[in-house]
Each structure stands twice: as C-alpha cells, then as structure tokens.
Amino acid sequence: MKLKFSTLLFLCNCTFSHGLIELGRFGTVAENAYEDADLKDVDNTSFIESDDLPDGTVKSKMKKFENKLKKNGHLRADARSGRVSYMNPDVPILPGKGHGNRLLWSVHAGEIEPVGDEQRNLGSSSNSGHSPPNHNNAALASVKSWMTANQEDLDVDVTNELFADGSARVVSHGNGNTIQLFAQRTFKGLRVPGSHAVATVKKGNLIGVGIQKWATIPGDFSIEPKITKEEAAQALADHAGHALDEGETCKPELVVLTLANGKNHNGRGKGTGKGKGQSRGGGKGLFNRNLRESASSSTSRRTVGAGYKPVLVWQVCPKLLGQTQEMLKGYVRADNRSGKVYRFADEVDYFNAMGDVYPKTNDGTPPDGVLQDGWPMPYMAIGDEITTTGGNYLSDTANGVKYEGPYLRMADDCGTASLDTANGLDWGGSAGTDCDTPGFGGDGNTHSSRSGFYELNKIMEIARSHLPTNNWLQQKLTSNMNIGESCNAFWNGFSVNFYRSSSTCGNTGEIAAIFDHEWGHGMDHNDVTGGISAPSGEGIADIYSALRLNDSCIGRGFFKSGTCNNGGNACTVCTGVRDIDYKKTQRKAPSTLTWARANCDNSVHCLGLVYSEAIWNLYTIDLPTEYGYDQNTALELTQRLTYIAAGAVSTWYDNTDNVIPWGGCGGASGYKSFLEADDDDGNIENGTPHMQGEYVVFFIVLIVVQYLSMHYRRTQQKRPPFISSVHVIVR
C-alpha cells in the first residue's frame, strides 16, 4: 500500500541560520511554512508558586521539597509538567568561598573530590587543602550527585534521562568562581529537544537549578519508527510542493518531541495586572502590585502536570529542487504511518599589517562613517607569524598573505586577495563599494574584506577575554563577503554572510554592527546551552553588537534613506534595522512583554527588543543612576555580565500572556541568569551586588521572577554595589 502523507511539521534543534531582517518566503521552496498548534502551544504555560497551587499531589510534593530544602514558598512549578521549573538551593557542593561553604578538596582513590559535613555522601571523609584538577569535571559530578539524590523530589529520572555521555556541557569562569551547566534530556538514547536541566554553581554553592519542558514519558513508550527517514524526507517534500534533490543539511535523527496537551494550560487562568509597571522610577511605584497573586477558581478546574505529551518524530533536513541558500528543517511523526509534519520552516532569517576600514559604517557621516586609513589587521597570518591585536609582526618579508589568521578567514565573492610584504604590509583603500579595490592585493581586497577582518577579530578578542575556555572561539570562522544579493546578512550555523549594496541598502559587509550582530548569533549558538535562544535570538545578537560599538542603532547606514521600522515603533534617527534605545523611537516607551504580545506577531526581531532594551537600559540608565558608575565602568560591567549570563539562557522570557508580569520564571531565563552571574557569595536570596538595577530594567518589561522580586525588596539596601570581576576590554 502506498504511504499517504498529511500536510503539517516542526523546527529542528540543530543548525540555525539567523540574520538581520525578516523576509517573506513567497515564491521560494519555503513558502508553505507551517507550525502545528500543539507545537505552538508547548510554550503557553505559567509558573506557579507552591502556595498558589491547587490542593493535591503536586502541591504536597512541592511543599515537602521546600521543607527539605528550608525554602518555604520559594519553589515554582511549571503548570504543564507539575514539576519544579526553577529553584535556588544555595547549598555547597564544591569547595569555595560561598555563603556557609566549609567544604575542602580531598584526594581519595587517586582522584580529587569535595568533602565536608554537607558532602560526606560524595566520597572520602578525610579533609585537606588540595585544588581540583578540573573545575568542569568536579562540577558535573557534584551537580549530578545532588540531582540524583533529589530526583524523587524533582520527579525527574536523573539516573536514566540526564547526564548521558556527551549530553552535558559545562563552562567555568574566573578559575571556577562561576560554573554553568547544561544537561540535555535523553530517553532510551534519543534526544528530547527543548527538554533539559540547567544549573549554576557560584563560589562552590549550587545557586540555581532549572528544569525545562519535562514531559512524562511512559516507560513503555516505543522508540521504534513506523516510517523510514527516507519516507519522512518525502513527507516534507510533499508538504513543500517541491521534489527532493540530492543531499541534506543535517543528519536524519529520531527524537522524542514534546507537544502541548491542551491549550492555555496555565494552572489558574491569565495573570492579573496586565500592562502595569511600564513607567520608569527609582523604586516607588514599582511595587504597587500584589507580588503574590491569589489563585483563581480556574486553578482547581485544571489538571496541573498533564500539559505535555511526547511523540516520536524524525528530524530531517532534505534539500529540494529550487533550493538556494534556504536551510529547510522539520520534524515528521514516526510512531505511525500518517507521516504528519509538525512544522516546516526555512531556518535562515536573513540579517601592522594594516588597511583602510570603515570603523562603524559606510554612510559617509564622519568620523566613524567614512573610510579610515592605516587601521591594524589583527591576528593575520604573515608567514609563520601571527600579527598582534595592533597588527604588529617581526618578519621582513612574506609572500601570498591573505585575509586569514587563526580565528578568521575571509571568502570574498569578488575574488581572492593576496599581497606580498616588504618592509610592512598595507592593504590600502579606495573609493567605491562592493567589488571596488585599491588596484592591488587582488580582486578580493575589498572594503568588506578589510573592514570585516578588523571588526570580527576585535569582537572575537573581546569574547575570548570573557570566555577563554569556549571552544568555538578558538576555532576559525569563515566570513563570506559580497554575496550577489542585497539588503541582508545571515548566520547559517557555521559562517557569517554579507550582501552587496543596492539602490535601497548599503553593503552589509561594510557595516561593523552587522558583522557583530551576525557573529552574535554564532556566539549564542555555541554557548553553554547551545542553539539559538528563545523566543528570539535577535535580542542578544543586537546586544553583543551594541555593547561592542557603544551604539544602540543596529547597523547604521543599512538603509540609504529613511529610518528603521523597529517592530512598528519607528526609529527617530537610526538608519539601521533597529534601535534598542526606546527613547529614540516614536513611542518613547519600553517594549514590554505586553506590547510585544500585542504588536510583534511572533516576529523574532521584534520579540528581541523586549530584553535587548532592558540590557541596554541597565548600561545606560540604571547602573549610572542607581550606583553612580561612569559610562566606561557601566559599559564594562554590563558587557561582562552579559557574556557570562547569556551563555546559560535557553529562553530569555516566556512569550505568553499567562505569565505577565512574571515572564522570567522559566528554568533558564535571562533575568535569573543575570542574577546568577552577578552573585558574589553563593546565595542569591541575600541579594546580589547589582540586583536593584537588574530588577528594575527587567521588571519594566515584565520579565522578572516573582519570588526573586520579593527578595529584591528585602535586600536592595543590604549590600553596597561594587564591581567584582570586570575585564579590561581592548578596542
């Protein structure tokens, strides 16, 4: 019998492509993009404090766990899973200087492990002052041990579904001062996309644990597919209306997909106070809301904990006839013969060695919008040498020098670039754009290659100063310049890509903010949690760019005339694609979660404004006004906190009406991660050095955590502000 396929599909959790602006897909192989309702609704949940849960098993379990941890009223449940979504254990699990931490390192059976009164169960009872050989391994073992010991209370099968070989990522900062962990859930060896655990260890104390989208998967759930990967690819092609071509952009994989089991599963109906808390203020007026909402009668009518359901699917990324730069990905049901497709989508969202470069843009506005001569070419390979950050090297001569070094390789569609050195290397400069050159150095010696080589090396240098152990930052990135299209740029999972100019748009390879934005997607894709963050990775890409250039206008000079639309809130001066300073928009009001729900229509570039504006305000408004920091200090602190915090974020905020105003309650949210990065003593509940500023900026846009907001009120005056770990940034 011929297999019949229905027409429905979902987004793959592998390679992503993200860019500067969103384009329509009409007339392309991706014009039939579609997402199934059960997949859309999986994020439509709420996070309920234990006291507000309806009486029953879930509430009893939460209260029992709170009593065990001495955290009365501080646990939050995901209404769909009925499990803890986020918690602050604040318990010592590694030796450190955290609050109440008395653990030491001990050598036992040839291995170094933590021991002490609270950790006898981890190994030896002897105490000594040995240092750990590897912070990451020690943290992974200790977090796993703590979660295993508490798996019954967490209602998570840690033993069988977390910490499988190769499924966890650990990153340490400041010689183990801050350690972030991401553990992908697996079931019988299959990945469960979107379902994971996160943890943060600060000064030896476990200060944060989050559980994301944890569906109950029955033990007899079958992982035997009823269709082949080839049939799944054909189902995708049938939906797209295009024939299969040879090749694929990701390896087919069986995974267990988490779907929503019922709509609007929020445990108690929509939150109250929608739209409040949007005016700025120093503290008065921000707390006129009841911080503990009472549960409505709808709570008792809903079954907390029955809101997710698992389904076996094939993840496939086939190539179709007519496909160009699109990266088509999806999930196709595999546990029956329906061939149902849950989502079909194109993942490309489209946005002394020396030479002449554009410092910020090519818009002709001095001083940073005009060509500057003699700028250094950092980290360029000159024979056997690598130039310094200032472009210096020692060799007298070298032949065939290219725009390439240990961290970056330029690939220019205008041609190749090559230059011989004798008493210095100067790539020169010229008038024009796109493929115009100085007349030497080859057809690839363009404005784009010179400017891109400088700027991308500089932002990567900054990133390495904050994240010295990140493997991606040690690898060589390819930057494709002068692609024969216009008005966009994109990251495709392994390279950054920039277009030529047109009558409407400037060359995106000649605009520093666009380099930094696309690189920012790569940083987001290769941090602790991996993958592009939800509900939008555009905000963090904008922030990396804005903090690097100290400019809220993202991509100045992108438009040759006019200003940006900014998600329907038009820019007043910015000629780029967005402005993340709300004071420079027509509304002159923050892009709150309420506003985004009403106006963004799920546009990722619009949704990103919610948190990018908050972080920009932390730098430009709250750190200076609340703490008296000068601009340089505020910028360095914000940049440091952002690089550390963003790595642990998988979902910046929950994009649903149910959570307003507590949109930051998810297990790996932006607000939570900023507090964890800022904490200085292994105990978030006694405040963090800059909690007052962080709370204000995230509260204004309605993406804070309810009980951590209450702690802010109690502790805002307790500890003086200071900068504990700011790096000197070379620009």
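The values are calculated or read from the model by the stated rules, or taken from the named source; none is laboratory data. Quick caveat, the model's predicted, so the values are computed rather than measured. Virtual Cβ from ideal backbone geometry, glycine too; neighbours counted across all protein chains shown. Accessible surface is based on the protein model in full, side chains and every heavy atom, while ligands, DNA and RNA are left aside. Shrake-Rupley method; radii C 1.70, N 1.55, O 1.52, S 1.80 Å.
Observations
- The condition of being open to solvent by 20 Å² or more (accessible area, probe 1.4 Å) and at pLDDT below 90 holds for only one of ASP384, ASP413, that being ASP384.
- Residues within the stretch 39-60 that are assigned to a helix (DSSP H, G or I) and open to solvent by 50 Å² or more (accessible area, probe 1.4 Å), tallied: 5
- Per-region count, the stretch 401-420, residues among the aromatic types (Phe, Trp, Tyr) and within 9 Å of SER449 (Cα to Cα): 1
- The set of residues in the stretch 598-640 being within 25 Å of ASP346 (Cβ to Cβ) and outside any helix (DSSP H, G or I) consists of CYS600, ASP601, ASN602, SER603, GLY608.
- Restricting attention to the stretch 483-518, the residues being under 24 Å from ALA168 (Cα atoms) and at pLDDT 95 or above number 0.
- Any chance TYR671 is in a helix (DSSP H, G or I), within 19 Å of SER591 (Cβ to Cβ), open to solvent by less than 10 Å² (accessible area, probe 1.4 Å) and modelled with pLDDT of 90 or more: yes
- Residue count for the stretch 531-574, restricted to those that are of a type in the set (Val, Ile, Thr), over 9 Å from the mean Cα position of the chain (by Cα) and either crowded, with 24+ Cβ neighbours inside 10 Å or not in a loop (DSSP other than H, G, I, E, B) (or both): 2.
- The strands (runs of 3 or more DSSP E) falling completely within the stretch 376-449 that include 2 or more residues that are touching a helix residue (DSSP H, G or I) at 6+ places or on another chain (Cβ under 7 Å) map to 408-412.
- Top-ranked residue in the stretch 169-196 [being farther than 16 Å from ASP527 by Cβ and either in a loop (DSSP other than H, G, I, E, B) or of a type in the set (Gly, Ala, Ser) (or both); ranked as most open to solvent (accessible area, probe 1.4 Å)]: ASN175
- When the stretch 151-168 is filtered for residues that are open to solvent by less than 50 Å² (accessible area, probe 1.4 Å) and out of contact with any strand residue (DSSP E or B) (no Cβ under 9 Å at 6 or more places or on another chain), only GLN151 remains.
- Qualifying position, being part of a strand (DSSP E or B), open to solvent by less than 20 Å² (accessible area, probe 1.4 Å) and of a type in the set (Val, Ile, Thr), among VAL496, VAL528: VAL496
- Scanning the stretch 25-38 for residues that are in a loop (DSSP other than H, G, I, E, B) and at pLDDT 85 or above returns a single hit, ASP36.
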